[in-house]
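To start, the structure under review is shown below, and the notes come after it.
The values are calculated or read from the model by the stated rules, or taken from the named source; none is laboratory data. All of these numbers come straight from a predicted model, not from anything done at the bench. In this analysis, Cβ positions are derived from the backbone assuming ideal geometry, glycine residues included, and neighbour counts consider all displayed protein chains. The protein model used for the area step is the full one, side chains on, heavy atoms only, and it has no ligands, DNA or RNA in it. Shrake-Rupley method; radii C 1.70, N 1.55, O 1.52, S 1.80 Å.
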Amino acid sequence: MKLSSVRYYIHEGISGLLRNSLMTVASIATVAACIFIVTVSCCLIGNLHAMLKQLESDIGIVVFLDDDADSNLINKVSDELNQIEHVTLVTYISPQEALDGLKEEWDADDILSGFDGENNPLPHSFEVSIDSIENQAGILDAIEQIDGIRNVKNAQAATDVLLKLNKVVSIVGVIGIAILGIISVVIITNTIKISVYNRRTEINIMKYVGATDWFIRWPFVVEGIVIGVIGAAIPLIISWPLYSKCVSLAYEHFSILTNIASFLGSYEIFSKIVPLGLLAGIALGVLGSVTSIRKYLKV
Amino acid sequence: MITINNVSKVYPNGSQAVKNITLHIEKGEFVFIIGSSGSGKSTLIKMLMKELDPTSGEIIINGINTTKMSRSQVPYLRRNLGIVFQDFRLLPKKTVYENVAFAMRVTEASSRHIARNVPTVLSLVGLQNKSRAYPNELSGGEQQRTALARAIVNNPPILIADEPTGNLDPETAWDIMYLLDEINKRGTTVVVATHASDIVDEMQKRVVMLNHGNIVRDVERGGYFDEA
């Protein structure tokens, strides 16, 4: 491909967009609408996912040691817990710390005051955090193998609910985005088809003067790229500040949420959505253009 | 230059447009293909530029058997054929200059080459002062001359014209025919399908007459209604 041809394709593509300005606006609006809907869905699903993950990590496993545990045993168990795969954090809780925790939780300083020091009936314990809730069963098995442990506690019911919820969100998210993607391709292809139909005589003439298929296609590919980039940029530029605003409003009005879970930062989520959105826009535009002109190339 | 061997064309609806035609056209010839509508001349012309494929037989253009050609080779065949249509087929949103330059751009010619050739052919067809005009600002004759300029700008060995004067008044039609003759004298093989009996009579070129898909007459220097 010669440089002069490249310049020609870009020039033709852009002047094609300007000449058929109504179709261009319609195509860009279609891409923009589709990408906007997908972006909003991604934000919702992404946050739901992040919140579930956060809840997962809050559900730790608590390991209680035998009453006569000494510092040797505590160190040994701590080491062994740390060696188990998928364990992210092991925190030692002394009987005194456990008691202080209880006092705070129950708001009952007086009732529990007699249990300080030697009278403390609470055992030594560890809080074990794990990377993902799916690995919990395996980790529990591993913990049971360790000597000197009296009891292992975990929130099995909550775990099951979370696991199911996580699965549902993943499946619904993937299916939803896939359906939206297919609808987008169909709408965009149709929009571009109309613009190609308006130019079928032009394509026909090109064929008669000896243009190769790719010579005819390239300007349309350029059009597709421009439509895709602009069509993706508009919803991304709108939805980024919109998302930040929504998050801050949510924190303001539903402060209770802050205790349960926090939203993903707008940079965190949009640094992933922006490149994906632009890529998707370009892919939609190019795919739409190339498939739409195929019919008219057979002359 | 052009060899048509036992070519037949049957359309999917069963009508047989061309029946077992054999025709040979030498390099540098000027040939009129005449016949009433439905005689098969349009089908023949379309097969020459590979818009249609023959049902049987073979067509050899410039030494290449076009019936065995793959689809991707067709553009390169067409660059050897200047094609002129009855309805001009200019790009309406491009100027005269751009329309002619376009045929060169397609062959990936350099900008310098384009800038040199386009004005030359435009002055050959007498449109040097109209290069910035758009097709809708031109008369029919001027539009057809633009189409002629576009057809010859790549200097093809063969020029095919399908009813080139069909949409023009008699006087303008003559201008176009003189131009075709001029192009022929510069060495291009010219094939013209036409209804214009007066022009055919006057020019005394080779005449191939088709009727119901058969060649009924082929004379070296003939008129439209000569006896076979």
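If I fit a long axis through the Cα atoms of helix A:213-253 and take the longest principal axis of the Cα atoms of chain A, what angle between them do I get, 0 to 90°, rounded to 10?
30
With +1 on each Lys and Arg Cβ and -1 on each Asp and Glu Cβ, how big is the dipole of the protein assembly as shown about its Cα centre, in debye rounded to the nearest 20?
Numbers: 46 positive and 55 negative charges, 1077 e Å.
The dipole of the protein assembly as shown has a size of about 5180 debye.
Kindly write out, for region B:30-42 in residue order, the coupling ³J(HN,Hα) from the Karplus curve 6.51 cos²θ - 1.76 cosθ + 1.60 (θ = phi - 60°), rounded to whole Hz, with x marking Gly and Pro.
Residue by residue, region B:30-42 yields 10, 10, 8, 10, 10, x, 5, 5, x, 7, x, 5, 5 Hz.
Using modelled amide H (1.01 Å from N, peptide plane; none on Pro or chain starts), what sits under 5 Å from the amide H of B:Leu210, excluding residues fewer than 5 places away?
Placed amide hydrogens put B:Ile34, B:Gly35, B:Val216 under 5 Å from B:Leu210.
Could you calculate the FRET efficiency of B:Gln128 with A:Asn204 from 1/(1 + (r/R0)^6), where r is the beta carbon distance between them and R0 is 25 Å, rounded to 0.05? Could you put the intermediate results ahead of the total?
On the way: r = 28 Å, r/R0 = 1.12.
E between B:Gln128 and A:Asn204, to the nearest 0.05, is 0.35.
A:Lys53 versus A:Lys76, label points 7 Å from Cα toward the beta carbon: distance in nm?
For the pair A:Lys53/A:Lys76, the computed spacing is 3.8 nm.
Does region A:1-74 come out rounded, prolate or oblate, given a ≥ b ≥ c as the square roots of the eigenvalues of its C-alpha gyration tensor, rounded meaning a/c under 1.5 and, failing that, prolate meaning a/b above b/c?
The shape class here is oblate.
Restricting the calculation to Cα positions, tell me the Rg (one decimal) and the Dmax (whole number) of chain A in Å.
30.3, 101
Any number yet on Rg/Rh for region A:60-154, C-alpha, Kirkwood? List each step's numbers first, then the result.
Details: Rg = 14.3 Å, Rh = 14.1 Å.
Rg divided by Rh gives 1.01.
Shape of region A:199-299 from its Cα gyration tensor (a ≥ b ≥ c, root eigenvalues): rounded if a/c is under 1.5, otherwise prolate when a/b > b/c, or oblate? Don't skip to the answer; put the middle values down first.
On the way: a/c = 5.14, a/b = 4.65, b/c = 1.11.
Because a/c hits 1.5 or more and a/b exceeds b/c, region A:199-299 counts as prolate.
Under the Kirkwood approximation applied to all pairs of distinct alpha-carbon atoms, what is the hydrodynamic radius of the protein assembly as shown in Å?
Numbers: mean 1/r = 0.0334 Å⁻¹.
In the protein assembly as shown this quantity evaluates to 30.0 Å.
Can you give the extra length, in nm with one decimal, that the chain gains between A:Ser94 and A:Ser248 once fully stretched, where that is 0.36 nm per residue apart less the Cα-Cα distance? Mind showing how you got there, number by number?
Values: separation 154, 0.36 × 154 = 55.44 nm, distance 3.90 nm.
Taking A:Ser94 through A:Ser248 to full extension adds about 51.5 nm, to one decimal.
Based on the Cα atoms of region A:168-218, what semi-axes does the equivalent ellipsoid have, where each is the square root of 5 times one gyration tensor eigenvalue, given in whole Å with the largest first?
Its equivalent ellipsoid spans semi-axes of 38, 12, 4 Å.
For a label point 7 angstrom out from the Cα of A:Ser132 toward its Cβ, which stretches of region A:144-184 have the backbone nitrogen within less than 15 Å?
The answer is A:163-171, whose backbone nitrogens lie closer than 15 Å to the label point.
Give me D for region A:139-255 in µm² s⁻¹, whole number, from Stokes-Einstein with Rh from the Kirkwood sum over alpha-carbon pairs, 4 °C and 1.567 mPa s. Could you put the intermediate results ahead of the total?
On the way: Rh = 20.8 Å.
Translational D for this selection: 62 µm²/s.
With θ set to phi - 60° and the Karplus curve 6.51 cos²θ - 1.76 cosθ + 1.60, what are the ³J(HN,Hα) couplings of region A:128-144 in order, to the nearest whole Hz, using x for Gly and Pro?
Listing the rounded values in order: 10, 9, 10, 6, 9, 5, 5, 8, 4, 4, x, 5, 4, 4, 5, 5, 4 Hz.
How far, in degrees from 0 to 90, does helix B:140-152 lean away from the longest principal axis of the Cα atoms of chain B, to the nearest 10?
For helix B:140-152, the angle is close to 80 degrees.
What are the extents of the Cα atoms of region B:92-154 along their three principal axes, in Å, largest first?
If we take the Cα atoms of region B:92-154, the spans are 30, 23, 17 Å.
Identify, among A:Val63, A:Gly114, A:Asn135, the residue whose Cα sits farthest towards the positive end of the charge dipole of region A:60-154, taking +1 on the Cβ of Lys and Arg and -1 on the Cβ of Asp and Glu, with the dipole about the Cα centre.
Of A:Val63, A:Gly114, A:Asn135, it is A:Asn135.
Evaluate the charge dipole of region B:92-154 about its Cα centre and quote only its size in Debye, nearest 20, assuming +1 on the Cβ of each Lys and Arg and -1 on the Cβ of each Asp and Glu.
Value, rounded to 20: 100 debye.
Using only Cα atoms, what Kirkwood radius does chain B have, in angstroms?
On the way: mean 1/r = 0.0556 Å⁻¹.
Averaging 1/r across every pair of different Cα atoms and inverting gives 18.0 Å.
Return one number: the angle in degrees, 0 to 90 and rounded to the nearest 10, between the long axis of the Cα atoms of helix A:95-106 and the longest principal axis of the Cα atoms of chain A.
The answer is roughly 70 degrees.
What number, rounded to the nearest 500 deg cm²/dmol, is the helix-based mean residue ellipticity at 222 nm of the protein assembly as shown, given -39500 (n - 2.57) per DSSP H run of at least four residues and division by all its residues? Don't jump to the answer; show the numbers that get you there.
On the way: 18 runs with 291 residues, N = 527.
Taking each H run of at least 4 residues, the total per residue is -18500 deg cm²/dmol.
Enter the buried accessible area of the B/A pair, total of both sides, probe 1.4 Å, in Å² rounded to the nearest 100. Could the numbers behind the result be given before it?
Working: alone 11110 and 17320 Å², together 26370 Å².
Buried area between the two chains comes out at roughly 2000 Å².
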